[in-house]
Amino acid sequence: MFRRVLVASVLSALTGVVTAATPNAKPATKPKVPAIQSSPSLDVLGLRLGAEFTLPECPIDPALSRYVGPRYKYAHEMTGSMPCFQQGYAPKPGFVLDKSYASLEVMIDPLPAGLRQDSIDVKVIDGRIENVSAGTYGLKSQEGLLELLTEKYGSPTTLNHSKVQNRMGAEFNQVDATWKFSDLTITFVGMGSTIDWGIIEISTPKANAVAEAKREEAKAAAPKL
């Protein structure tokens with residue numbers, strides 16, 4: 001018992017000596033986490049993320065509409081009218097755009113090589129452009145588009161090269177990448193469900209939050225086991 005008390009006393013004394021000998025010792029500091037930078041540009045295909053949505057509706061083709069109901073003009077007939085938005089395949093008379101939340105197809109010309117003109121989608125939230133997505137030509141365009149994205153946004157936050165296989169057993173190289181900034185997230189999928197389709201999606205934090213909320217709502221409303 002006396003030995004344990006003596007050892008405890010010595011340790012206490014040593015601790016006191018060490019503390020007394022280093023009165024100005026600084027507490028350990030945690031390594032600093034680098035701040036996420038803002039994106040080099042909020043402009044996408046001539047549109048500005050976070051800006052008010054002011055695009056006009058695309059022109060309707062009166063001749064075609066006479067036979068098959070309301071239809072928009074074909075892209076090659078819209079020279080001077082783009083960019084403009086479409087309600088969908090067939091415009092509805094008396095349409096009023098709900099700017100609280102709307103997902104719209106937007107016609108833009110010209111486009112960078114590798115993007116599909118009929119697959120530019122814009123999400124409008126509270127009257128502002130918060131998300132832009134564009135379909136691509138998949139395998140044949142992924143390397144060129146990755147180069148264009150890297151030139152604009154710098155090195156990707158994540159970059160993944162993988163092998164995919166079609167039903168015939170042929171293998172292809174797929175490229176996926178993301179860029180994460182404080183004000184934007186860019187997602188690039190070189191090939192989707194088929195080798196001739198891919199997607200680029202550019203979202204603001206607000207768009208990401210709304211998308212997550214909609215996923216949670218859908219999950220809560222889904223039938224339960």
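Coordinate-derived values only; no laboratory data. Predicted model, so just to flag it, every value in this text is computed and none were measured. As a convention, Cβ positions derive from the backbone with ideal geometry for all residues, glycine included, and neighbour counts pool all protein chains shown.
In the structure shown, the pairs 99/224; 180/214; 99/180 are assessed against 30 Å; a Cα-Cα span above that value is assigned to 99/224. Counting only Cβ charges, +1 for Lys and Arg and -1 for Asp and Glu, the dipole size of region 51-220 around its Cα centre is about 320 debye. Computed over region 66-186, relative contact order equals 15 percent, with contacts defined as Cα pairs under 8 Å that lie 6+ residues apart. For residue 119 and residue 217, the difference between the fully extended length at 0.36 nm per residue and the C-alpha to C-alpha distance is 32.7 nm.
P(r) for region 51-220, from all Cα pairs and a bin width of 10 Å, is 9, 30, 34, 21, 6, 0 %, short bins first.
Residue 183 to residue 225: FRET efficiency via 1/(1 + (r/R0)^6), r the Cβ-Cβ distance, R0 41 Å, to the nearest 0.05?
0.55
With Rh defined as the Kirkwood radius, the inverse of the mean 1/r over Cα pairs, the Rg/Rh of region 135-225 is 1.07. Largest first and in whole Å, the equivalent-ellipsoid semi-axes of region 161-214 read 28, 12, 7, each the square root of five times a Cα gyration tensor eigenvalue.
Local charge for residue 176 was computed over the other residues whose Cβ lies under 13 Å away, with Lys and Arg +1 and Asp and Glu -1, and equals -1. From the alpha carbon centroid of region 186-214 to that of region 35-63 is 16 Å. Here residue 73 is the anchor, and the aspartates and glutamates within straight C-alpha reach of less than 16 Å, apart from those fewer than 8 places off in the same chain, are 57, 61, 105, 109, 118.
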